[in-house]
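> Below is the structure I would like to discuss, written out as structure tokens.
The values are calculated or read from the model by the stated rules, or taken from the named source; none is laboratory data. Owing to the predicted nature of the structure, the values given are computational and were not obtained by experimental measurement. Cβ placement follows ideal geometry from the backbone for every residue including glycine, while neighbour counts extend to all protein chains displayed. These area figures cover heavy atoms from the full protein model, side chains too; ligands, DNA and RNA do not enter into them. Shrake-Rupley method; radii C 1.70, N 1.55, O 1.52, S 1.80 Å.
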Amino acid sequence: MKKLVPEYIEKLEVYQAGKPIEELAREKSLTKISKLASNENPLGPSPFAIREMTNALWDVHRYPDMFAHQLKNSLAELYQLKPQNIILGNGSEGIMGYIVRAFLQPNEEVVTSESTFIGFLILAKSVGAKLIQVPRQADYKYDVKAMAKEITPNTKIVYIANPDNPTGTYITREEFDFLMKHVPSHTIVILDEAYFEFAQGQEDYPDSMTYRYDNVITLRTFSKAYGLSGIRCGYGFGHDYLIGNLHKVKLPFEPSLIAQKGAYGALKDHPHLIRTLANNRVQYHALMDFLSKVGFNPIPSVTNFITFKTGSKEKSQYLYEELLNFGVIIRPLAANLMPDHIRISLGNKEEMDHFYEAMNSVLPLYYKKFGDHK
Ligand SMILES: Cc1ncc(COP(=O)(O)O)c(C=O)c1O
């Protein structure tokens, strides 16, 4: 067939999501499944969100409010912003799509870290941009000094996932300030704060709401701490000029009515967020202890997941597949070009106990096959 797409599209690979629960249940005829693969909220959505979404079902014959007044006003109040500085989208990834569409052209450069959030890397490649992926530091953190050196007059976007997925590390206020000193005004900085709620307690975490750079777009989401991955709703903040231009390329009725209502409801339920963060803290310490005890070296994380090194792609794949037999879905990181690492999302107590039980069954054989690395 005649070539219909540019080379940069032909070279792209389809994004691989965490294995869905239904798929594993079908494949292995299992009834108990714990999905610890996509950094979702194990407590589920807030009942406030469910009530808003359920009520809205009666109105789905109508298009949603394309200006999403209700949700934008809630966000504006929460963060002391003007609604015209807010953009909503189908997940924060939807907004990344608008950013790429509005601002990024073929051969313009994007500076970011190696093996960071794949969703953005795919989007940048999909418009033929040139990706400059700077190696990480030995402690897995972004190397901001090396990133600053890569910024040229052709750099259109600097992408920072803060905290980062899949490592769970973050850049500090000092590092962010340093980087911003090297970013010219014609370069847009995307500060992807999908895991902001989990990281905000860190004293040196640079909460972007306390900065007002004209060339920074902050992205956040209802998919993680708010437990609403399935409805697709994310939000962004930025200067009028940036947000105004994003609105020109945005599909008018994203996010959907149900997504707008669910997000609006979730914002009203602060106790649910507090419960989510409390569960996360408890499970974080338990998983760090477990992984260390069984001989791995987990990367300290300020998110709702932990990544650790297995040492080889074969070991990662073995653990992944053996745990699937027990109904536990984790995330090997081959697609992130970290094939010798594995990422575990923090679940609720029941899910984590399921994981520990499965690991205790799998590890003796793992050690026998690959040697005890303790
Ligand atoms: C760093 C990062 N940014 C963005 C996203 C996408 O989130 P959303 O569901 O809001 O599109 C994810 C999801 O895993 C993520 O890890």
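> Checking residue 66 against (1) among the aliphatic types (A, V, I, L, M); (2) assigned to a loop (DSSP other than H, G, I, E, B); (3) free of Cβ contacts under 8 Å to residues at least 60 places away in the same chain; (4) not assigned by TED's automatic domain parsing to the domain that holds residue 330, which single condition isn't satisfied?
Every condition holds for residue 66 apart from (3).
> Only one residue in 39, 90 is within 16 Å of the ligand (Cβ to nearest atom), more than 16 Å from residue 243 (Cα to Cα) and either among the polar types (S, T, N, Q) or assigned by TED's automatic domain parsing to the domain that holds residue 264 (or both), so which one is that?
39
> Also, I was wondering about something else. Report yes if some residue within the stretch 13-21 is β-branched (Val, Ile, Thr) and farther than 27 Å from residue 257 by Cα; otherwise report no.
yes
> Can you work out which of the residues in the stretch 96-141 that are aliphatic (A, V, I, L, M) and under 20 Å from residue 176 (Cβ atoms) is nearest to the ligand (Cβ to nearest atom)?
Filtering first and then ranking leaves 96.
> Oh, and also: Scan 300, 255 and give me the residue that is in contact with a strand residue (DSSP E or B) (Cβ under 9 Å, 6 or more places away or on another chain) and crowded, with 16+ Cβ neighbours inside 10 Å.
Unique residue meeting the criteria: 255.
For every residue, the table says whether it meets (1) of a type in the set (Lys, Arg); (2) open to solvent by 40 Å² or more (accessible area, probe 1.4 Å); (3) farther than 27 Å from residue 260 by Cα.
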site: 174; (1), (2), (3): no, yes, yes
site: 187; (1), (2), (3): no, no, yes
site: 191; (1), (2), (3): no, no, no
site: 194; (1), (2), (3): no, no, no
site: 212; (1), (2), (3): yes, yes, no
site: 222; (1), (2), (3): no, no, no
site: 226; (1), (2), (3): no, no, no
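> Looking at (1) in contact with a Lys or Arg (Cβ under 9 Å, 6 or more places away or on another chain); (2) in the same structural domain as residue 138 (by TED's automatic domain parsing); (3) not β-branched (Val, Ile, Thr), which is the only condition residue 214 fails?
Among (1) in contact with a Lys or Arg (Cβ under 9 Å, 6 or more places away or on another chain); (2) in the same structural domain as residue 138 (by TED's automatic domain parsing); (3) not β-branched (Val, Ile, Thr), the lone unmet condition for residue 214 is (1).
> With (1) closer than 30 Å to residue 358 by Cβ; (2) out of contact with any strand residue (DSSP E or B) (no Cβ under 9 Å at 6 or more places or on another chain); (3) within 16 Å of the ligand (Cβ to nearest atom) as the list, and residue 13 as the residue in question, which single condition is left unmet?
Among (1) closer than 30 Å to residue 358 by Cβ; (2) out of contact with any strand residue (DSSP E or B) (no Cβ under 9 Å at 6 or more places or on another chain); (3) within 16 Å of the ligand (Cβ to nearest atom), residue 13 violates only (3).
> For the stretch 116-130, what are the residues that are crowded, with 21+ Cβ neighbours inside 10 Å and either among the hydroxyl-bearing types (Ser, Thr, Tyr) or not assigned by TED's automatic domain parsing to the domain that holds residue 194 (or both)?
Hit for the stretch 116-130 is 116, nothing else.
> Can you work out which of the residues in the stretch 228-252 that are among the aromatic types (Phe, Trp, Tyr) and surrounded by 16 or more Cβ atoms within 10 Å (Cβ to Cβ) is nearest to residue 53 (Cα to Cα)?
That would be 235.
> Still on this model: Yes or no: residue 170 over 18 Å from residue 299 (Cβ atoms), among the aromatic types (Phe, Trp, Tyr) and in the same structural domain as residue 220 (by TED's automatic domain parsing)?
Considered against the rule, which asks whether it is over 18 Å from residue 299 (Cβ atoms), among the aromatic types (Phe, Trp, Tyr) and in the same structural domain as residue 220 (by TED's automatic domain parsing), residue 170 comes out as no.
> Identify all residues within the stretch 317-350 that are crowded, with 19+ Cβ neighbours inside 10 Å and assigned to a helix (DSSP H, G or I); write none if there are none.
319, 320, 323, 336
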